[in-house]
Amino acid sequence: MPKKQRYSLADMPEKMIMLILENSDFRSILNLRKVSYHLRNFIDEKKPDLQLEIIQIHIDSSRVKMYLHDLSKSKPAKIEYLKDKGRYEEKIPKNRKPWKAIVLKYEDILETFCNDFQITLSLQTTKILQSFSLTASEIPEEFKKVLKANPLKTECFAITTSDPNEILDAISSIDSGNLKEICFYNIDELPEEVWDFEEIVKLEQWKKSAILEMVQFYVHLEIRNFLHFSQAHFRILEITVDDIFELKENYLLMPSFKFVHVEYKNLIGEIYEMGATELGNHQKWLFKFPENSEFVLEVSLSPKNLYFRKIPVSHVPDSALI
């Protein structure tokens with residue numbers, strides 16, 4: 001009796017393979033790429049879209065972790081590159097059915113990760129990421145080169161690191177066209193540090209973002225560098241009374257304004273009450289939006305904190321002065 005001829009995925013017509021890839025999630029595509037040289041070359045040439053929405057990367061001296069997430073189809077995938085006597089392993093979280101772990105001996109884990117990350121970016125062909133976050137005390141030069149060669153398209157960029165120069169290098173490689181939110185954190189959690197942002201605020205990535213968060217260090221910048229943010233939480237070394245009035249006037253004319261929290265170390269000048277309501281050790285003012293009668297701008301000042309909030313008129317007490 002003649003043996004049945006066996007066929008593999010590589011024997012299928014290209015149109016059929018492409019149809020399978022188009023209906024596969026990112027995890028399946030990346031796995032198929034490891035099946036054979038033929039499939040790897042086919043995927044690299046045709047570039048089926050991974051349609052990722054979130055990428056998170058953590059880099060330290062002994063390991064690299066990469067999280068890939070497609071919110072619409074599947075749970076996050078974690079790829080962990082472990083440095084253990086010259087090898088790395090890819091581990092699958094316990095809450096998912098595991099596939100066979102890959103162990104490559106005497107591999108440079110950083111080089112391997114950078115190659116994998118570059119491939120991932122090359123297959124992210126149409127969809128804009130919702131979020132890309134990077135955690136690294138020092139960003140390896142190899143990874144910076146990958147970022148520079150493949151400008152990331154993302155709506156939110158978050159970085160946790162130890163030095164503002166690392167932020168400058170990384171954010172310069174982010175495509176500014178779709179960027180809406182930027183978040184900066186100090187990996188050493190030293191809130192009294194003052195970081196130099198003079199070069200960062202000159203970038204289009206800073207100027208085009210609408211949302212800002214940087215709360216684990218101070219910056220020494222003129223307040224005009226923050227006027228375009230409609231939602232923000234930042235720490236500034238000093239703020240003047242004139243700065244407060246400039247922020248107030250700016251937000252009253254900004255239709256997209258939502259909320260701003262300024263933590264300051266020093267307040268320069270004395271602010272007059274202007275009919276403010278005093279509540280303990282802080283003062284509060286309410287101002288009408290010239291083009292929106294349904295909301296008012298609430299300005300609240302207390303030691304070390306300044307808040308600007310957009311609140312409904314219905315939430316304002318009858319006794320309040322506006």
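Here are a few things to note about the model shown:
- Taking region 136-248 and dividing mean pair separation by its residue count, relative contact order in percent (alpha carbons under 8 Å, at least six apart): 22
- Pairs beyond 31 Å (Cα-Cα), from 78/202; 34/208; 202/265: 78/202; 34/208
- Principal axis extents of the Cα atoms in region 190-231, from largest to smallest and rounded to whole angstrom, are 28, 20, 16.
- Shape category assigned to region 24-71 from the gyration tensor of Cα positions, a/c cut at 1.5: oblate
- Derived scalar couplings ³J(HN,Hα) [region 209-215; Karplus, 6.51 cos²θ - 1.76 cosθ + 1.60; whole Hz; x for Gly, Pro]: 7, 9, 10, 9, 9, 8, 10
- Average projected area [Cα convex hull, region 168-315], square nanometres: 9.7
- Computed lengthening from residue 313 to residue 45, 0.36 nm per intervening residue step minus Cα-Cα distance: 90.7 nm
- Counted by Cβ distance under 10 Å from residue 172, the other residues give a net charge of -1, where Lys and Arg count +1 and Asp and Glu count -1.
Every number in this text was worked out from the coordinates using simple rules, so none of it is lab data. Predicted model, so just to flag it, every value in this text is computed and none were measured. Every residue, glycine as well, gets a Cβ built from its backbone with ideal geometry; the counts of neighbours run over all protein chains shown.
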